[in-house]
Amino acid sequence: MTVSKAFWKIALKNIGTIIMYTVILVMFGTMNMSASNSSISYEAKKPAIVIFNNDENVGMTKNFTDYLAKNAEIKTGYIDDDHLKDALFYEDVILVVEIPKYFHQDITFGRNPEVKIRASSGYSAELAKVVVKRYLSTAVAYAKMNLSEEELAGKISATLEKETHVEIASKVDTAKYSKATRYFSFANYTILACVITIICLIMISFNRLQIRKRNLVSSIDIEKMNRVLLRNCCIYAIGVWLFYLALGLIVLGADVLISAYGLIYALNSLIFCACATTIAFLISQLVANQNAVNGLMNVVALGSSFLCGAFVPAEYLPDSVLAFAHILPSYYYIDNNNRVMNLESFDFQSLWPIILNALIMIAYIAVFIIATNIISKKRQKIA
Amino acid sequence: MFWHNFKYAFKTLIKSKELVFWTLAFPFILAVLFNLAFARLHDYDVFEPFNIAIVDDENFQENVFYRAAFNSVGTAGDEQLFNIQYVDKDEAESLLENDKIEGFVYIADAEAHVKIKTNGTNQTVLKTATEQISQYVTMADDMAEDKSFISRAKVLESIAKVEPNIKEESKVMNVVVIEFYTLIAMACMQGAMLSVELTNRCLPNLSNRGKRVATAPTRKSTMLVSSLAAGYVMLFVSLMFLILFMHFILGVEFGNNIGFILLLAAVGGLTAMMLGMLLSVTFKTNEAVKNVIVVIVTMVGCLFAGMFGGMKIYFDNLCPWFNRVSPAGLITDGFYSLYYYEDPSRYFINLFSLLAVALIFFALSVRNLRKARYDSI
């Protein structure tokens, strides 16, 4: 009880820092998730196109702009060229199409008018170019038939309306859960940073040489004290976890989180929270200075987040980086988040890879606790 | 006295492990992590053919045009899109189930159908290419004078040769560079931490050393300026090494004007030092809390400037003024304008805005410093 009291007394003393860190980091994660991220997301979606039409919007020109509107998201409101250039760079706009004057007459008479385009980089830009190229190729090919403008427009529309039937094998709506996967994967950083910073802040107070000496000569068993401290650290970590889940409910919606999928996401993050707590406990035994803890926390939290796919999806990471990431508990946590998204059924066979990853994280927890106790005992002798 | 204090301030700084870590080691560690994490992200823009399957059944064998078209996009060369396996439908399903292919194509009712497991870029490419082939076949049917095989084949050949007159004026760009620019902005902002430490040392209400400085028979401004100058030199040298490391070892592009690049880093570092001084003289609290404020200002600024996934546009729409006054936003935009724009006017707008911000921080700091009076310490 005395240990618990001291723990929360120190926590209360630093309540400003705790609230500031926890809120900032959790909000950081939430904002990151809310922002659309074109550079690291390659989901099939209509490309954002800006049209500069120097021709009258009639006949073939109207047919072309209608086709673009159907196959792309038409964006407007770019006040100047710099604004547009920025949008292209940051992939807010994928393609800019400039329709020349007399376009509708030139197309009708088979003159193949010059259409200027500016594209951003990447796959989406290539696909957007295909959309434009496909229309113009079809128009130029049909124009050889000497049709009237109306007939030509009709033929082009009929051809381009022909869509390929696509069957999706997976019964799961991955788009629905991809946001949740991103949210919980980012939590790798948030949880590690919140838990390590605050727990170390409190634990370092207990580990100050004079305090430690006082504790060592007291009647309390050192292992029991460690257990009580660990329990209180867990209570704090659960608080962070609940806070993150509550924000998740707002950001992701109840239909995602209050479901079997949501339960697995929550349990997975709870296990990882426990793992982060034991990591924090271990670091606090190794480092005696708060500034050093901040440095170490950033290296551990940012390092594991970058290497295991918390910020950039794992499929875009080099194989060598992923191979190295296997030694970090974050890898198994993030891998589970990715697996939940694609989970089709909840039988044992489908859940086994997720359970296996969870067991690996639990094994890490055991290793960190043992390591903490060994170091703590060694320090006891040194003191 | 200036150089004497400068020398000792510099010595104590490089002996402080924490400060050396934050200003020297941490940005380098992050640069390496960024490089590892984002390296393949940009490589993804380079198209590589991917695996698909085609159900090689009676329907496919009968349709000569589909056979010819898929053969052309599946053969090694400039136009290759896919690595194609010709299999029966059961095997195609099994390959898809085991993630060996991105999707497969089968012909039913004289139409091409695509089956995929989930949505994605490669799946979109497969759908688009199949759709284009189907549309060409439809056009050939439509345009052929008679419906004979030879006539359709002729038309199809001529359609394939049609080259629309598209003039592309795109610039080659790599959005990932923004991550590295925000990292330099972050490294500049670490100067605020140096400045907090150095200013605290000169303030009698914040440190014992400050009390000694206050009672020493030297000009306080000389002590403060020489200490800050030592911190600034250390920061600028570390920034220079960071930029050189990024450019020559990690291959990050910055544009061609090395003078402008270093000038921006120098002004960025100066602004951060002024911010640290302002925080130090304004908040009468311990150094840890001031450092937390520095971390928050830095991280929020870098996040808004585009760190962790290029969300600058999102935040610009949310809060358009923020990146025009935030030091991290101005530094990032300055590097971006050097990389992306040929005209340096935007670079200079960022540079002068940074200088203005630094001047405001400096003026506020001086005002707060001059207000300080101690009856007893």
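Once the convex hull of all Cα atoms in chain A is built, its volume per residue stands at 172 Å³.
Sort A:T190, A:T2, A:T61, B:T285 so that the residue with the fewest other Cβ atoms within 10 Å of its own Cβ comes first and the one with the most comes last.
Numbers: A:T190 29, A:T2 10, A:T61 23, B:T285 14.
If I rank by nearby Cβ atoms, fewest first, I get A:T2, B:T285, A:T61, A:T190.
Using only side-chain charges placed at the Cβ, +1 for Lys and Arg and -1 for Asp and Glu, the dipole size of region B:227-377 relative to its Cα centre rounds to 660 debye.
From other protein chains only, count the Cβ atoms within 10 Å of every residue's Cβ in B:121-129, then give the mean.
Numbers: counts 9, 3, 5, 9, 5, 2, 6, 7, 2.
Mean number of neighbouring Cβ atoms from other chains: 5.
For region B:272-315, the C-alpha radius of gyration divided by 2.2 N^0.38 Å, with N the number of residues, is 1.38.
Using a simple charge model, +1 on the beta-carbon of Lys and Arg, -1 on the beta-carbon of Asp and Glu, nothing else, what dipole does the protein assembly as shown show about its Cα centre, in debye to the nearest 20? List each step's numbers first, then the result.
On the way: 67 positive and 67 negative charges, 1435 e Å.
In total the dipole reaches around 6900 debye.
Here the dipole of region A:96-227 is about 1120 debye; that uses its Cα centre as origin and unit charges on the Cβ of Lys and Arg (positive) and Asp and Glu (negative). Computed over region B:50-161, relative contact order equals 25 percent, with contacts defined as Cα pairs under 8 Å that lie 6+ residues apart.
The modelled label-to-label distance between B:W321 and A:L267, using points 7 Å beyond Cα along the C-beta direction, is 5.0 nm. Extension gain for the segment B:I150 to B:V32, taken as residue separation times 0.36 nm less the Cα-Cα distance, is 36.5 nm to one decimal.
Contact order, relative form, for chain A: 18 percent (alpha carbon pairs under 8 Å, 6 or more residues apart, mean separation divided by residue count). Legend: mean number of C-beta atoms from other chains within 10 angstrom of residue C-beta atoms, peptide A:128-138, equals 4. For the pair A:A288 and A:D66 in one chain, pulling the backbone fully straight at 0.36 nm per residue adds 73.3 nm over the alpha carbon distance.
Grab the Cα-Cα distance for B:N51 and B:A68, subtract it from 0.36 nm times how many residues apart they are, and report the gain in nm with one decimal. Please report the intermediate quantities before stating the final value.
On the way: separation 17, 0.36 × 17 = 6.12 nm, distance 1.81 nm.
So the chain would gain 4.3 nm between B:N51 and B:A68.
When the charge dipole of region B:318-377 is built from unit charges on Cβ atoms (+1 for Lys and Arg, -1 for Asp and Glu) and taken about the Cα centre, the candidate among B:W321, B:A363, B:I331 whose Cα reaches farthest toward its positive end is B:A363.
For the options A:A141, A:A125, A:A280, a Gaussian network treatment of chain A with springs between C-alpha atoms closer than 10 Å singles out A:A141 as fluctuating the most.
So how do A:291-301, B:163-173 stack up, highest first, on mean other-Cβ count within 10 Å?
Top of the packing list down: A:291-301, B:163-173.
Each label point was placed 7 Å from the Cα along the Cα-to-Cβ direction; for A:I10 and B:E342 their separation is 6.2 nm.
What is the packing order of peptides B:177-188, B:97-108, taking the mean over residues of other C-beta atoms within 10 Å and listing the highest first? Don't jump to the answer; show the numbers that get you there.
Working: B:177-188: 26.4, B:97-108: 18.5.
In descending order of packing, they fall as B:177-188, B:97-108.
Counted as membrane-span-like here are DSSP H helices of chain B whose alpha-carbon atoms extend 27 Å or more along the helix's own axis and whose Kyte-Doolittle mean is -0.5 or above; these are B:121-143, B:177-202, B:220-244, B:258-282, B:345-371. Name the residue, out of A:L160, A:L267, A:L230, whose mean-square fluctuation peaks in a Gaussian network model built on chain A with Cα pairs under 10 Å. Answer for the Gaussian network model of chain A: A:L160. Debye-formula intensities of region B:249-377, expressed as log10 I(q)/I(0) at q = 0.09, 0.14 Å⁻¹, are -0.31, -0.69 (one equal scatterer per alpha-carbon, no solvent). Counting, for every residue in B:178-186, the Cβ atoms of other protein chains within 10 Å of its Cβ and taking the mean gives 1.
Going by average Cβ density within 10 Å per residue, which order do the peptides A:327-340, B:214-227 take, highest to lowest? It would help to have the intermediate numbers written out before the result.
Details: A:327-340: 23.3, B:214-227: 15.2.
For the peptides A:327-340, B:214-227, the packing ranking is A:327-340, B:214-227.
Candidates A:Y364, A:L84, A:L351 compared by Cα position along the dipole of chain A: farthest toward the positive end lies A:Y364, with charges placed on Cβ. Entry for the protein assembly as shown at q = 0.05, 0.06, 0.08, 0.09 Å⁻¹: log10 I(q)/I(0) = -0.33, -0.47, -0.78, -0.94, Debye formula applied to identical alpha-carbon scatterers, no solvent contribution.
Each semi-axis of the equivalent ellipsoid for region B:50-161 is √(5λ) with λ an eigenvalue of the Cα gyration tensor; in descending order they amount to 26, 15, 12 Å. Compare the Cα positions of B:A160, B:T124, B:I349 along the charge dipole of chain B (+1 at Cβ of Lys, Arg; -1 at Cβ of Asp, Glu; about the Cα centre) and return the one farthest towards the positive end. The residue sitting most towards the positive pole is B:I349.
Based on DSSP H assignment, which helices of chain A show an axial Cα extent of at least 24 Å together with a mean Kyte-Doolittle hydropathy greater than or equal to -1.0? It would help to have the intermediate numbers written out before the result.
Values: long enough: A:15-34 (28 Å, 1.60); A:123-143 (30 Å, 0.54); A:174-206 (46 Å, 1.10); A:222-252 (43 Å, 1.38); A:260-286 (39 Å, 1.61); A:290-308 (26 Å, 0.97); A:348-382 (50 Å, 1.11).
Span-like helices in chain A: A:15-34, A:123-143, A:174-206, A:222-252, A:260-286, A:290-308, A:348-382.
Could you list, bin by bin from short to long, the percent of Cα-Cα pairs of chain B in 20 Å steps? Percent of Cα pairs in each bin: 23, 35, 23, 14, 4, 0.
Every number in this text was worked out from the coordinates using simple rules, so none of it is lab data. Everything numeric here is computed off the predicted structure, so don't read it as measured data. Heads up, the Cβs are rebuilt from the backbone with ideal geometry, glycines too, and the neighbour counts pull from every protein chain shown.
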